[in-house]
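Working notes for the structure below.
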Amino acid sequence: MPPSLHAAARAGVLAFLAVTAAACSPYRISEPRAEVLHPFAPIPNDFARVCVIRTSRLAQAVPFPTLDNGALVGATKGPTFFCYKAEPGEHTLRIQTDEPTVVNLHAEGGASYYLHETLPFSFMLVIACNATWVSESKARELVDDSSYEVLTATPATEHPPDPIPYAKAASR
C-alpha cells in the first residue's frame, strides 16, 4: 500500500474508533442554558478564572473531562471551550484521555488563565492531549473558532458541575 494510502487508512481507523468511543462515553457537553463565566469579562479579586480551550478537530467527538484538584469542572470535545472559577492557590488539572495529561497552576485572585488543548497525531491509535498555558490575546483567537459548551451528563458515579463550576485550591 502506498504511504499516503497507509496514512489515510490509519486516520480512518482512528476516526472510526473515536466515534465509537464517543458513542459509549457517559460524558456529554452542549451549549449552556444558564449563565456562564465569560472568558474575557472583568472578574473580582476573590477568585481566578480558568478557561480550557480545545481547537483540534482530530477525535472531535471524544470528550476530554477535566478535573481540578480532583473536582470535575468540565469537558471539551472538538473545537469547544469552558471556563470556571478557581480559588486562589495551588491547582492540579488532570485531563482524562487514554494517556491523562496533568498541568499545574498557581492561581491568583482576579487573574485569568487559558489552557489550550491540542491532540498529537498518533499511529498507535491512542488519544492523548497536549496542554499549554497561553496568553489572553492568543486565547481570544482560539475561542473565535470554538463554541462555549458545558458538561451536561456524567457517569452515574459523578455529578455534573454547577453551571459555573468552582474549584478549591489544594490543601496545605
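A few points about this structure:
- Subset of the stretch 97-128 (residues that are in a loop (DSSP other than H, G, I, E, B) and either modelled with pLDDT of 95 or more or surrounded by fewer than 15 Cβ atoms within 10 Å (Cβ to Cβ) (or both)): Asp98, Pro100, Glu108, Gly109, Gly110, Ala111, Pro120, Phe121, Phe123, Met124, Leu125, Val126
- Some residue of the stretch 70-83 being of a type outside the set (Gly, Ala, Ser) and more than 26 Å from Asp144 (Cβ to Cβ): yes
- If you check Ala139, Ala156, Ala170, Ala131 for being more than 13 Å from the chain's Cα centre (by Cα), at pLDDT 90 or above and not in a helix (DSSP H, G or I), only one passes: Ala170.
- Output for the stretch 96-155, where each listed residue is touching a Lys or Arg at 6+ places or on another chain (Cβ under 9 Å), touching a residue at least 24 places away in the same chain (Cβ under 8 Å) and of a type in the set (Val, Ile, Thr): Thr101, Val103, Thr118, Val150, Thr152, Thr154
- Wholly within the stretch 21-73, strands (runs of 3 or more DSSP E) carrying at least 1 residues that are among the hydroxyl-bearing types (Ser, Thr, Tyr) and under 11 Å from the mean Cα position of the chain (by Cα): 64-68
The values are calculated or read from the model by the stated rules, or taken from the named source; none is laboratory data. In this text, all values refer to a predicted model and were calculated from it rather than measured experimentally. Neighbour counts are summed over all protein chains in view; Cβ atoms, including those assigned to glycine, are modelled from backbone coordinates with ideal geometry.
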